[in-house]
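Heads up, the thing below is written out as structure tokens.
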Amino acid sequence: MLDCGAMKIPANERKVVLITGAASGIGRRTAERFLELGCDLHICDSSETNVAEFLAGNPTATASVADVSDPEAVDRVFADLKSRYGRLDVLVN
């Protein structure tokens, strides 16, 4: 479990985080914890329904629907991430 106590990341040091498989299960809880820490979060998941549900509950996050076993889909995720944030600091796969 990711537990950093009351730690928050200062706004000028915010990290951009990409988590694959983050719309449900362990990935979702990990993603929600990064949001609690104040990170800018982008998730990707192969389930459009799960992504929509995640975003409904976590409106500050962004997302891509993608199957990471498809290289072209992965390229689209990184292009989307780059256009939104311009960088990536943390990848959880």
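The values are calculated or read from the model by the stated rules, or taken from the named source; none is laboratory data. Just so it is clear, the model here is predicted, and its values are computed rather than measured. Every residue, glycine as well, gets a Cβ built from its backbone with ideal geometry; the counts of neighbours run over all protein chains shown. Heads up: the accessible areas ignore ligands, DNA and RNA and are worked out on the full protein's heavy atoms, side chains in. Shrake-Rupley method; radii C 1.70, N 1.55, O 1.52, S 1.80 Å.
Exactly one condition in (1) under 10 Å from the mean Cα position of the chain (by Cα); (2) not in a helix (DSSP H, G or I) is not met by residue 81; state its number.
(2)
Go through 68, 90 for me and flag whichever is aliphatic (A, V, I, L, M) and closer than 15 Å to residue 34 by Cβ.
On the way: 68 fails: closer than 15 Å to residue 34 by Cβ.
Answer to the selection: 90.
Which members of the range 50-64 meet the condition of being open to solvent by 90 Å² or more (accessible area, probe 1.4 Å) and closer than 13 Å to residue 23 by Cβ?
Kept after step one, since they are open to solvent by 90 Å² or more (accessible area, probe 1.4 Å), are these residues of the range 50-64: 53, 59-60.
Matches in the range 50-64: 53 only.
How many of the residues in the range 22-61 are part of a strand (DSSP E or B) and aliphatic (A, V, I, L, M)? Reasoning before the result, please.
To start, the set of residues in the range 22-61 that are part of a strand (DSSP E or B) comprises 40-45.
Remaining after also requiring aliphatic (A, V, I, L, M): 41, 43.
Residues meeting the conditions: 2.
For the condition open to solvent by less than 80 Å² (accessible area, probe 1.4 Å) and over 19 Å from residue 14 (Cβ atoms), what is the one hit in 80, 67? Working first, answer last.
Numbers: 80 fails: over 19 Å from residue 14 (Cβ atoms).
Every option except 67 fails the conditions.
Can you find a residue that is basic (Lys, Arg), without any contact (Cβ under 8 Å) to a residue 40 or more places away in the chain and open to solvent by less than 50 Å² (accessible area, probe 1.4 Å) anywhere in the range 32-39? It would help to see each step written out before you state the result.
Kept after step one, since they are basic (Lys, Arg), are these residues of the range 32-39: 33.
Narrowing the set further to residues that are without any contact (Cβ under 8 Å) to a residue 40 or more places away in the chain leaves 33.
Restricting the remaining residues to those that are open to solvent by less than 50 Å² (accessible area, probe 1.4 Å) gives 33.
For the range 32-39, residues basic (Lys, Arg), without any contact (Cβ under 8 Å) to a residue 40 or more places away in the chain and open to solvent by less than 50 Å² (accessible area, probe 1.4 Å): present.
Give just the number: which of (1) in contact (Cβ under 8 Å) with a residue 12 or more places away in the chain; (2) touching a strand residue (DSSP E or B) at 6+ places or on another chain (Cβ under 7 Å); (3) not charged (D, E, K, R) does residue 55 not satisfy?
Status for residue 55: all satisfied but (1).
Only residues that are under 15 Å from residue 80 (Cα atoms) and acidic (Asp, Glu): list them for the range 39-55, please.
Selection gives 40, 45.
Have a look at 73, 22 and point out the one that is free of Cβ contacts under 8 Å to residues at least 40 places away in the same chain, open to solvent by less than 60 Å² (accessible area, probe 1.4 Å) and of a type outside the set (Val, Ile, Thr). Reasoning before the result, please.
On the way: 22 fails: free of Cβ contacts under 8 Å to residues at least 40 places away in the same chain.
Answer to the check: 73.
Go through the range 62-74 and give me each residue that's polar (S, T, N, Q) and part of a strand (DSSP E or B).
Within the range 62-74, the subset polar (S, T, N, Q) is 62, 64, 69.
Matches in the range 62-74: 62, 64.
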